[in-house]
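Okay, so here's the structure we're looking at.
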Amino acid sequence: MNRRGGLATAAMVLPATVLYTVMLIVPVGLAIYLSLTDWDGYSADPAFVGGENYGEVFADPQFQQAAFVTLLAALAGTVAMNLLGLGFAVLVSRTSRVNSALRMVLFYPHVLSALVVGFLWGAILGTNGAINSFLTSRGAEVLPFLSDPDWATVTLIAVLVWAGFGVNTVLYVAGLQTVPQSLLEAARIDGASKWQTFRHVTLPAIAPVVTVNLVLSLITLLKTYDLVVSLTAGGPAGQTQTLAYLILWNSFHDGRLGFGSAQSVVLMVVTAALALIVTKLRRKADQGAAA
Amino acid sequence: MRELATESSVLTVDTAPPAPVLAPPPADTPATARPRPGSPPRRVLRWALIAVVAIVMLTPLYLLVLNAFKDQQDILASPFGFSGGLTVDHLVQAWSNPRFNIAKGYAITILFVVLVNVFSVFLAGPVAYVIARSTRRRFRVLMLFFLAGTFIPSQVLVIPVVYVLKTLGLMGTIPGYVMFETTLTLPFSIFLYAGYIRTVPTDIDQAAAIDGCGRYRTFWQIVFPLMRPVVATMVILNTFSVWNDFVNPQTILGPSSGLYTVTTGIYAAVGQYQTDYTVVFPTLLLAIAPLLVFFVIMQRHIISGLTAGSTKG
């Protein structure tokens with residue numbers, strides 16, 4: 001390569017590489033470094049405190065509660081979103097005008113931000129919300145959708161599923177449309193029932209799509225933040241805080257960014273571990289589809 | 001959506017060839033084209049299920065639109081219908097809310113969406129081209145270096161990015177925010193673009209070189225115009241992730257900067273006033289109406305773009 005060519009290449013490669021390094025790679029290293037300090041967000045020279053933050057993180061009952069809520073939401077939500085997503089994908093996968101309208105109806109919450117979804121459902125499920133106003137006007141008891149800790153946790157998960165399963169549906173529809181017609185036809189000629197065809201032909205054929213969906217839902221749910229802000233604000237009594245909510249609260253409300261960094265490093269490790277476990281568990285199914 | 005796309009991309013690497021983003025439909029007739037109406041009871045069940053889910057999905061939207069035109073008393077008395085008259089007063093008030101100027105919020109968000117998309121294409125395109133066209137080891141390593149970024153959840157980065165931006169003196173500024181949002185789009189964009197460029201024959205590069213075209217010009221004038229489908233996919237993905245982002249504008253721009261996007265503006269307008277439904281419903285309606293209209297018009301492109309982005313990657 002001549003010198004001019006080398007310069008041109010550098011001009012093409014360097015801007016993105018430098019920006020990426022400064023804004024993404026350096027921060028990952030910084031997150032780990034800051035988690036070992038007591039940085040408050042202002043001081044230029046935070047004190048090094050070693051593993052102190054991590055000790056405090058794991059002993060913190062708020063962290064334990066948030067970890068519980070986050071994992072519950074991630075696991076229950078992933079199962080629900082994928083069962084609903086796959087189920088409705090089968091229902092609406094045929095190409096027709098009605099079906100494409102239905103896909104749009106299932107998918108539209110994704111277009112609204114999670115913040116809007118949370119405020120909207122808050123106005124529907126709150127103590128004076130639409131449903132409770134309706135119930136009291138009929139002389140019935142108010143339901144504590146958001147005012148009881150257990151109810152609020154279930155409500156949070158339900159709204160997450162409501163807002164998210166349309167994305168799974170759309171991805172599953174795309175997967176179903178790639179299953180070769182000849183395979184399904186062969187199964188039918190061999191006398192397989194609809195369920196048998198689905199279980200033994202369709203499902204193995206879309207195995208990679210299932211894996212993508214599972215990991216996607218899991219990762220998205222592990223980061224739940226906006227919806228907590230707008231739907232429950234972490235309440236009642238901090239019982240529905242998720243890890244992402246707690247991290248940002250500790251960091252920017254309490255000014256403990258070192259402590260928050262330690263929590264986010266834990267979240268990063270947990271996310272990576274769960275994603276790897278799911279991928280590993282699904283490997284056999286994926287390879288079956290590739291073969 | 002950014003995460004949606006990026007994470008899946010990593011996982012499908014070994015199962016699906018990454019190359020063509022908008023691949024031609026499979027030669028086989030799609031499974032879905034089969035005309036089989038099903039037995040009558042099955043059909044009834046199917047329609048019942050569809051009716052239930054449509055009601056569950058659309059009721060919030062119905063309540064939002066209806067109650068945006070009602071007084072607080074009427075909302076509380078009959079949330080699903082209306083006993084008093086309908087009024088546009090609260091919509092007018094929401095439009096002129098001093099805490100959140102909706103028109104300005106839209107303008108700022110659209111500005112951010114445009115800036116991030118433009119910078120993303122200008123930065124990711126050339127790198128992807130060099131990576132796709134080079135057989136050198138160092139560029140393969142560079143691809144892996146960028147791919148590593150798709151594994152990192154952006155929430156984890158917020159705190160250290162604040163540190164970096166403060167050091168650079170860019171905290172609370174538009175350049176700082178746009179730089180970070182653009183960076184978040186780079187890994188997956190480069191991955192998708194490079195995969196696509198590999199499907200473009202190298203003959204045209206060589207022809208351009210023979211005609212005395214430099215590498216930079218070859219990319220922008222010859223190769224880039226062929227990348228329209230993959231760029232469209234990426235623009236859709238990035239538009240959604242920037243539009244719906246709440247954490248990053250809230251922390252990087254912050255309330256003190258006076259710069260509200262649609263999401264941080266909604267938070268400022270509604271966050272403290274969640275029990276005043278004459279604020280909640282009209283504000284939310286005004287904030288989402290243009291986006292919903294856009295979605296309904298563009299839904300085929302949006303859904304297929306998102307699907308392509310996350311399954312073909």
Worksheet, complete the sentence: Taking region B:242-286 and keeping residues open to solvent by less than 20 Å² (accessible area, probe 1.4 Å), more than 7 Å from every other protein chain (Cβ to nearest Cβ) and among the hydrophobic types (A, V, I, L, M, F, W, C) leaves B:242, B:252, B:253, B:262, B:269
Fill in: Lone qualifier among A:166, A:175 - being touching a Ser or Thr at 6+ places or on another chain (Cβ under 9 Å), assigned to a helix (DSSP H, G or I) and either open to solvent by 10 Å² or more (accessible area, probe 1.4 Å) or not charged (D, E, K, R) (or both)
A:175
Item to complete: Six or more apart or on different chains, Cβ under 8 Å: which pairs go from a residue in region B:162-182 that's within 16 Å of residue A:18 (Cα to Cα) and facing chain A (nearest Cβ under 9 Å) to one that's among the small types (Gly, Ala, Ser) and crowded, with 20+ Cβ neighbours inside 10 Å? Could you list them?
Response: B:165/B:176; B:168/B:176; B:182/B:120
Fill in: Filter result for the condition that a residue is over 26 Å from residue B:107 (Cα atoms) and not charged (D, E, K, R), over B:239, B:199
B:199
Worksheet item: When residues of region A:234-291 are filtered for being outside any helix (DSSP H, G or I) and open to solvent by 70 Å² or more (accessible area, probe 1.4 Å), how many remain?
Response: 4
Worksheet item: Quick check: anything in region A:67-88 within 12 Å of chain B (Cβ to nearest Cβ) and free of Cβ contacts under 8 Å to residues at least 60 places away in the same chain?
Response: yes
Discussion item. Which of the helices (runs of 4 or more DSSP H) found entirely inside region A:87-150 contain at least 1 residues meeting this: open to solvent by 50 Å² or more (accessible area, probe 1.4 Å) and among the aromatic types (Phe, Trp, Tyr)?
Written reply: A:130-137
Practice prompt. Identify all residues within region B:30-59 that are open to solvent by 80 Å² or more (accessible area, probe 1.4 Å) and modelled with pLDDT under 85; write none if there are none.
Written response: B:35, B:37, B:40, B:41, B:42, B:43
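Listed residues A:224, A:242, A:279; which is within 9 Å of chain B (Cβ to nearest Cβ), touching a residue at least 40 places away in the same chain (Cβ under 8 Å) and β-branched (Val, Ile, Thr)?
Among A:224, A:242, A:279, only A:279 is within 9 Å of chain B (Cβ to nearest Cβ), touching a residue at least 40 places away in the same chain (Cβ under 8 Å) and β-branched (Val, Ile, Thr).
The values are calculated or read from the model by the stated rules, or taken from the named source; none is laboratory data. No experiment lies behind these values; they were computed from the predicted model shown. Ideal geometry is used to build each Cβ from the backbone, glycine not excepted, and the neighbour counts take in all protein chains shown. The protein model used for the area step is the full one, side chains on, heavy atoms only, and it has no ligands, DNA or RNA in it. Shrake-Rupley method; radii C 1.70, N 1.55, O 1.52, S 1.80 Å.
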